[in-house]
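Report on the structure given below.
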Amino acid sequence: MIVLQCGPVYPTPSKLSIQLSQPPTSFPSPSALLCSSKSKFKLKASFKCSCTQNEDTHEASYQGFSVLARDIPWDTGSVWTTMAFYMFNLHIPLSFGGLSVVTWILHEPHLDPQTEVLSLLVVQILEFIATLFLLQWTAKPKYEFLNLFKAYKLSKERNWLLASILGFGFLFLLVFLTSILADRLIGSKPVNNPILKEILLSNDISKAACVLLYCIVTPVLEETVYRGFLLTSMLPTMKLQQAIFISSVIFSAAHFSAENFLQLVIIGCVLGSSYCWTGNLSSSIAIHSLYNAMTLMLTLLS
C-alpha cells in the first residue's frame, strides 16, 4: 500500500487568525481585477477547449474506423419498436412454429430429414421476404431500400474481400480459443449435431438444401437484420464499441442457445467490426457463410 501524505488544504487556526488580524497593506485596482478575471477566463476556456479536443480526437479514432454514414434510413425513435416487431411477430413464430405448421398441413407427426430441411428453407425464405417488407415499410420516405446492400462511397478504398478472409481467420482463432477455455471450465461436449448430421447423411437433396439454408439464406437474413438494420441504426446514438457489442448480444440471444451464447457474441462482434470497417454488407455475409460452411463440414466429418 502506498500512503500519500498531503499537507492541509486549509490554513491552520493560528495562521488563519494571523491573516485575519493583519489588515491588507493595499487594495488591488479595478484594472488589475479585470486583468485577473480575463486571465482566469482564458485559463478555463483553454482547459475546456483542450478537454473537448481530446474527447473529439478519441471519438474520431473510433469513428474513423467505421465508414458507415451517420444519416440512417430509419428514425432512431422507431428502431427498437421495429426490432421488437420482427422478433415477436416474425422470427420467433416462424423459427419455432414453422415446422409445427408443416406437420399439421401434412398430417404427419414426424417429418423425414429431407422434408424437414426443405421446410426450414421455405420458412427461412418467407421470414427474409417478410423482413424486407418490414424494413422498407418502416424506412424514411424516398429511401431506396436496396441501397442497404450497396457499399458506401467511403468504403471503395477498403477491400471487403480481403477483410472477409482476414475476418474469418480471426473469427476461427477466437472461437477455437474460447472452445478450449469452455472445455476446461465446463467440460467437453460432442461437436456434431445429431439431427443436422442425420439430415446431411440422408441424401444429396438434403445436403444441397442445408448448404443453401445455412450458407446463403440464413447469413443474408441475419446480416440484414442485425448488422444492416440494428447496428446501422444504433451508431448515431452511441459509441461504435457499444453499438457493436449490444447488437452482438441481441444477435446471440436471438439464437436461444445458452451453451453457445459467448461464442455467438464473439461472432457478432467480428461480423459487426467487419461491416463497419468495410461499409459493405457483403463482407459480414461472406464471413457468416464461411463460418456456417465450416460448421457443416465439421458436423459431417465428426
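No value in this document is a laboratory result; all are computed from the given coordinates. These numbers come from a predicted model, not from an experiment. With ideal geometry, Cβ positions are generated from the backbone for all residues, glycine too; neighbour counts draw on all protein chains shown.
In order along the range 194-199, phi translates into HN-Hα couplings of x, 5, 5, 5, 5, 5 Hz, rounded to whole numbers, per the Karplus curve 6.51 cos²θ - 1.76 cosθ + 1.60 with θ = phi - 60° and x for Gly and Pro. The range 235-277 and the range 88-153 have Cα centres spaced 21 Å apart. Indicate the gyration tensor shape class of the range 176-301 (rounded, prolate or oblate), computed on the Cα atoms with a ≥ b ≥ c the square roots of the eigenvalues: a/c under 1.5 is rounded; otherwise a/b larger than b/c is prolate and the rest oblate. It comes out oblate by the Cα gyration axes.
On a 30 Å Cα-Cα criterion, which of the cross-link pairs Lys142/Lys239; Lys140/Lys239; Lys207/Lys239 come out too long?
Lys207/Lys239, as the Cα separations exceed 30 Å there.
With the highest mean first, a sort of the peptides 219-229, 116-126 on other beta-carbon atoms found within 10 angstrom per residue produces 219-229, 116-126. For the range 78-99, the residues whose amide N sits under 15 Å from a probe point set 7 Å from the Cα of Phe133 along the beta carbon direction are 86, 89-91, 94.
A straight chain from Phe149 to Ser257 at 0.36 nm per residue would run longer than the Cα-Cα distance by 36.0 nm.
The stretch between Leu212 and Met297, if pulled fully straight at 0.36 nm per residue, gains 29.2 nm over its current Cα-Cα span. Counting every other Cβ atom within 10 Å of each residue's Cβ, Tyr275, Tyr214 order from fewest to most as Tyr214, Tyr275.
Answer rounded, prolate or oblate for the range 216-290, using the Cα gyration tensor with square roots of eigenvalues a ≥ b ≥ c: rounded when a/c is under 1.5, else prolate when a/b is larger than b/c, else oblate. Before the final figure, lay out the partial values.
Numbers: a/c = 1.69, a/b = 1.11, b/c = 1.52.
It comes out oblate by the Cα gyration axes.
Rounded to the nearest Hz, the phi-derived 3J(HN,Hα) couplings of the range 97-105 under the Karplus curve 6.51 cos²θ - 1.76 cosθ + 1.60 (θ = phi - 60°) are x, x, 5, 5, 5, 5, 5, 5, 5, where x marks glycine and proline.
Let's test the formula: R0 of 35 Å, r as the Cβ-Cβ distance of Ala69 and Leu201. What FRET efficiency results, to the nearest 0.05? Intermediate values should be presented prior to the final figure.
Working: r = 46 Å, r/R0 = 1.32.
Computed FRET efficiency for Ala69 and Leu201 comes out at 0.15.
Put in line by how crowded their Cβ is, counting other Cβ atoms within 10 Å and starting with the fewest, Trp104, Trp160 read Trp104, Trp160.
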